[in-house]
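No value in this document is a laboratory result; all are computed from the given coordinates. None of the values given here were measured: they were computed from a predicted structure. Note: ideal-geometry Cβ built from the backbone for every residue, glycine included; neighbour counts use all protein chains shown.
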Amino acid sequence: MSPRPDASRSGRTGWDTYRAFFAAAVECGLAVALWRLPATDDLYAVASLTTVSELPRIDFRHRRPGFVFAPFANERNVALRIDADLTCAPDGVTLPDSGDRHLHGVRQRFCTALHCYDDGSQPAPRWHTGPAPLQADHAASTAEFTGLVQDAITFIQDTGIAKVVVSRTAERALPVGFDPTAAFLELCVRYPQAFVSLVAIPGVGTWIGASPEVLLTLDDSALTTMALAGTQRRPEDRPLEEVRWGSKETVEQEMVSTYVREFFRGADVAHVEETGPRTVAAGNVVHLQTLFRVALPEDDRLHLANRVLAELHPTSAVCGMPKQKALSFILENERYDRSFYSGFLGPVHVDGRSSLFVNLRCMQVHAASASLYVGAGVTADSDPAAEWRETEMKAETVLGVLQPMERPISDD
């Protein structure tokens, strides 16, 4: 992980060190992100010695490593970047000294706290709390949410648009002794195929999630993005390849896939490798997924990544189609701020790779409670009661770490 260390630990990093890294960052008032990529066992963490950077847009041509955290849509619509000034990776902790006098003092305080915790002292569970939401529990009841779904169906019928994704929140009390790092680790165990994250930023708050949806990934040869739609409870009595889908879900998935194909055509990108649709598991639910991969030279790859963010976010899986009309309905009718729910997040230029995910199956942690965010894709064929049940299923992903199940569901 860049930058290279002038102080590090040898040997593979253990979980206690990641936990100490997060606790030390919070104690010192630093922004910190901890994550695990899908289908891996490797954890990573970064912390910034300065305040987070506000980015009107992400430009992948700027190769500074860090972790970005972007909202769904709001008035300012800026992404936040936690610079990778301090890092924790499988091969050790990296704590370079920039030479800046002020930053040197912050670094020293962090090193002292990290050393204390990493030597066996158990940090008290702490996290950054953000401003209280204006309407934390809007559309939480069955009647409110099904009414919103019915309004979306009527809007679709009146305008002829294809899809609108509506969402709601639910407030839950935190259990006694709640530890965000323990919740993060439990999500890693429960959902090995998800992108699991714990992000804590002073003045913004703390978010935990396990997302199944790739927005884009960049490696040393290709860009990958995804079309994800359709939801049903994961069957316990048969394998994924035998899951059957109804017309509503298959049409919804094809809408999203068509949108991505049209984006690539509009960007004059040829030779797109398409895989799917196939059924994939995300804990207690399954989705239909199609992957799109494009191999390009580096400059073209970075330029295309910029276009993906500019044109595909917010994705049709969290907004609707056409995007602008669906977005207008959401902003006028949901009547609450989604904040970072259904935005995007992930590492950029860390170990030569960028991986951004749609912020789904997530919750914001307050002082004594958590706000859970869930949504459902609405089409002309939707049933309001069924969409409510879909959000209830999705909420179980993060509810499990507030109310642990005896036999966790894995998304293997």
Please return the longest stretch of the chain lacking exposed loop sites, where GluC sites (Glu not before Pro) count only if DSSP places them in a loop and at most 10 other Cβ atoms lie within 10 Å. 237-405
Overall dimensions of segment 15-118 as given by Cα atoms, namely Rg and Dmax in Å: 14.4, 42
Note, segment 274-280: 3J(HN,Hα) by Karplus (6.51, -1.76, 1.60, θ = phi - 60°), whole Hz, Gly/Pro = x, goes 10, 10, x, x, 9, 7, 10
Please state the charge dipole magnitude for the chain, taken about the Cα centre, from unit charges on C-beta atoms (+1 on K and R, -1 on D and E), reported in debye and rounded to the nearest 20. 520 debye
Taking 8 Å as the Cα distance limit and 6 or more residues as the minimum spacing, I'd like the relative contact order of segment 15-118 as a percentage. 29 percent
How large is the helix-only mean residue ellipticity at 222 nm for the chain, computed as the sum of -39500 (n - 2.57) over DSSP H runs with n ≥ 4, divided by its residue count, in deg cm²/dmol to the nearest 500? -10000 deg cm²/dmol
Once phi is turned into θ = phi - 60°, what whole-Hz ³J(HN,Hα) does the Karplus curve with 6.51, -1.76 and 1.60 give for every residue of segment 36-42, x standing for Gly and Pro? 9, 6, x, 6, 9, 9, 7
Roughly speaking, what is the stretch gain from T258 to L331, that is 0.36 nm per residue apart minus the C-alpha to C-alpha distance, in nm to one decimal? 23.8 nm
For V350, enumerate residues with amide H under 5 Å from its amide H, sequence gap 5+ or separate chain, H modeled in the peptide plane. G66
Dipole in debye (nearest 20) - segment 15-118, about Cα centre, beta carbon charges: Lys, Arg +1; Asp, Glu -1: 320 debye
Any residue on another chain or 5+ positions along whose placed amide H is under 5 Å from the amide H of A31 is listed here as S48
Separation in nanometres of the label points that stand 7 Å from Cα toward Cβ, at L240 and R278: 0.7 nm
Work out the charge dipole of segment 15-118 with +1 on the Cβ of Lys and Arg and -1 on the Cβ of Asp and Glu about the Cα centre, then indicate which of L34, L49, A73 is farthest towards its positive end. A73
In the Gaussian network model of the chain, springs joining C-alpha atoms below 10 Å, which of P212, P56, P347 carries the largest mean-square fluctuation? P56
Report the relative contact order of segment 210-305, percent, no decimals, based on alpha-carbon pairs under 8 angstrom and at least 6 residues apart. 40 percent
Hz values of 3J(HN,Hα) by residue in segment 163-174 - Karplus curve (6.51, -1.76, 1.60), Gly and Pro given as x: 6, 9, 9, 10, 9, 8, 10, 9, 9, 10, 5, 6
Give the long-range amide H neighbours of N359: residues separated by 5 or more places, or on another chain, with amide H under 5 Å away, using H modelled in the peptide plane at 1.01 Å from N. S342, G343, F344, L345
Extension gain from Q122 to Q150, taking 0.36 nm per residue of separation minus the Cα-Cα distance: 5.1 nm
